[in-house]
């Protein structure tokens, strides 16, 4: 019997629809990273935010995720399925982004605009996290009997292209001009582009929902439980949360996740404020420099994922990736000032680490818990991660704001915040070594075994 177009190419069409909302999410989250220097002095923009205010704004992404939203919404995802829950939270992501754009352009006083943008970022963050979980579950469904690891690697790579696009585009939309006071419209240009991407992502998500409903009708015509909802035997129970929290391997994964990702994601938020004074480069060059991170993951994340699938040794790759991140932040903190070569070298090392650790970390989660609590475990890991991101983004902003004024203030602030990131990496290496020891002591978990298809 001849296959329909949906049966033959549907998984790739679905993937194409799913990656665009994530591309838009990553872009919007990082749209101010390479122009964060604007917020070092409130008088540089009509918006009037300072570095601490910008740090508060960026930390808003994690607030609802931390205070129960992520876990509760993960439960809703299990109960209602990806189409219903995903649509709600993709809509929330877009609405939160729209609130941020409104706050920036409406002409409010600095504190009021910051409050509105903070609230918008909270809803944008929760929507993005649950939408991302829905996307991951959808890929698992559509590629269950196909190249799932490759599909997930491609999704991550394309999403991080959104970060690269933001890092490169923002300094071109808001051109560095010493002494210039940036208008609201100038400051908002990256957000305007982001809303265009959000609109495209919303349209393609709607197309995916229609495609997924048709997939269920064609592939599971005799079943009544559709949309990825669990059977009663696998339904969520609150005792599952207790069981996960009592698992010491969950805490090793969660701690490594929060330490490693905080050293990179929080760094990206303040990349311009760190790289420009450390290496004496213009904002446009800093944008290209830090964009090496997502560009590296575009190439290497799928390749390292295949390497872990075929060769195993996952915990060893986690150790290596954490060591590379530590080496990168040591360079950023202690390399000779004004020599851009060391900045590029640090980005290369950080890019390799940013590809290695996730490629080994996320496939290890199904090996430490039963399948019936896998969704709960992912939600709890994301919760721990966002708790750390909330804290370290705010702390980084306070460190930069506390550097004071004067000709050396920016350099002092960049050095101090890099010391914080270096300590995070030291702790990440220690946790990765503990996880590797667990793998050796408990070979039955298969943490370093290849992932068989």
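Kindly establish whether residue 403 is at pLDDT below 85, surrounded by 23 or more Cβ atoms within 10 Å (Cβ to Cβ) and farther than 24 Å from residue 167 by Cα. Criteria not met by residue 403.
Yes or no: the range 436-452 includes at least one residue that is under 27 Å from residue 160 (Cα atoms), at pLDDT below 85 and loosely packed, with under 15 Cβ neighbours inside 10 Å. So far as the range 436-452 goes, yes, one or more of its residues are under 27 Å from residue 160 (Cα atoms), at pLDDT below 85 and loosely packed, with under 15 Cβ neighbours inside 10 Å.
Residues are listed down the side, and each one gets a yes or a no for (1) modelled with pLDDT under 85; (2) touching a strand residue (DSSP E or B) at 6+ places or on another chain (Cβ under 8 Å); (3) under 28 Å from residue 62 (Cα atoms):
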{"position": "190", "(1), (2), (3)": "no, no, yes"}
{"position": "207", "(1), (2), (3)": "no, no, no"}
{"position": "211", "(1), (2), (3)": "no, no, no"}
{"position": "226", "(1), (2), (3)": "yes, no, no"}
{"position": "241", "(1), (2), (3)": "yes, no, yes"}
{"position": "246", "(1), (2), (3)": "yes, no, yes"}
{"position": "258", "(1), (2), (3)": "no, no, yes"}
{"position": "267", "(1), (2), (3)": "no, no, yes"}
{"position": "280", "(1), (2), (3)": "no, no, no"}
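Here residue 310 does not qualify as closer than 22 Å to residue 133 by Cβ and part of a helix (DSSP H, G or I).
The single condition among (1) within 18 Å of residue 276 (Cβ to Cβ); (2) at pLDDT 90 or above that residue 18 does not satisfy is (1). Scanning the range 332-351 for residues that are over 18 Å from residue 287 (Cα atoms) and either assigned to a helix (DSSP H, G or I) or within 19 Å of the chain's Cα centre (by Cα) (or both) returns 333, 334. Condition (residue is at positive phi and either in contact with a strand residue (DSSP E or B) (Cβ under 9 Å, 6 or more places away or on another chain) or modelled with pLDDT under 90 (or both)) applied to the range 166-186: is it met by at least one residue? For the range 166-186, residues at positive phi and either in contact with a strand residue (DSSP E or B) (Cβ under 9 Å, 6 or more places away or on another chain) or modelled with pLDDT under 90 (or both): present. Check whether at least one residue in the range 153-168 is more than 18 Å from the chain's Cα centre (by Cα), in a helix (DSSP H, G or I) and either under 26 Å from residue 363 (Cβ atoms) or touching a residue at least 60 places away in the same chain (Cβ under 8 Å) (or both), and report yes or no. The answer is no, given that none of the residues of the range 153-168 is more than 18 Å from the chain's Cα centre (by Cα), in a helix (DSSP H, G or I) and either under 26 Å from residue 363 (Cβ atoms) or touching a residue at least 60 places away in the same chain (Cβ under 8 Å) (or both). Residue 117 meets each of the listed conditions (1) within 25 Å of residue 37 (Cβ to Cβ); (2) surrounded by fewer than 22 Cβ atoms within 10 Å (Cβ to Cβ); (3) over 18 Å from the mean Cα position of the chain (by Cα) apart from (2).
Is it true that some residue in the range 290-305 is in contact with a helix residue (DSSP H, G or I) (Cβ under 7 Å, 6 or more places away or on another chain) and under 15 Å from residue 36 (Cα atoms)? There is at least one residue in the range 290-305 that is in contact with a helix residue (DSSP H, G or I) (Cβ under 7 Å, 6 or more places away or on another chain) and under 15 Å from residue 36 (Cα atoms). In the range 50-64, is there at least one residue being crowded, with 24+ Cβ neighbours inside 10 Å, more than 19 Å from the chain's Cα centre (by Cα) and under 18 Å from residue 398 (Cβ atoms)? Yes, the range 50-64 contains a residue that is crowded, with 24+ Cβ neighbours inside 10 Å, more than 19 Å from the chain's Cα centre (by Cα) and under 18 Å from residue 398 (Cβ atoms). Considering 328, 273, the condition of being at pLDDT 90 or above, more than 15 Å from the chain's Cα centre (by Cα), surrounded by 24 or more Cβ atoms within 10 Å (Cβ to Cβ) and part of a helix (DSSP H, G or I) is satisfied by 328 alone.
Rundown of residues vs (1) under 23 Å from the mean Cα position of the chain (by Cα); (2) modelled with pLDDT under 95; (3) over 16 Å from residue 383 (Cα atoms); (4) part of a loop (DSSP other than H, G, I, E, B), yes/no style:
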| site | (1), (2), (3), (4) |
| --- | --- |
| 94 | yes, no, yes, no |
| 111 | no, yes, yes, no |
| 122 | yes, yes, no, no |
| 131 | yes, yes, no, no |
| 134 | yes, yes, no, no |
| 138 | yes, yes, yes, no |
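Could you please find all residues in the range 169-184 being under 20 Å from residue 284 (Cβ atoms) and in a helix (DSSP H, G or I)? 169, 170, 171, 172, 173, listed by residue number. Would you confirm whether any residue within the range 369-381 is at pLDDT 85 or above and either assigned to a helix (DSSP H, G or I) or surrounded by fewer than 18 Cβ atoms within 10 Å (Cβ to Cβ) (or both)? Scanning the range 369-381 turns up no residue that is at pLDDT 85 or above and either assigned to a helix (DSSP H, G or I) or surrounded by fewer than 18 Cβ atoms within 10 Å (Cβ to Cβ) (or both).
Residues checked against (1) without any contact (Cβ under 8 Å) to a residue 24 or more places away in the chain; (2) more than 23 Å from the chain's Cα centre (by Cα):
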site: 410; (1), (2): no, yes
site: 422; (1), (2): no, no
site: 430; (1), (2): yes, no
site: 446; (1), (2): no, yes
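The values are calculated or read from the model by the stated rules, or taken from the named source; none is laboratory data. All figures in this text were calculated on a predicted structure; none of them were measured in a lab. FYI the Cβ positions are ideal-geometry reconstructions off the backbone, even for glycines, and counts take in every protein chain you see.
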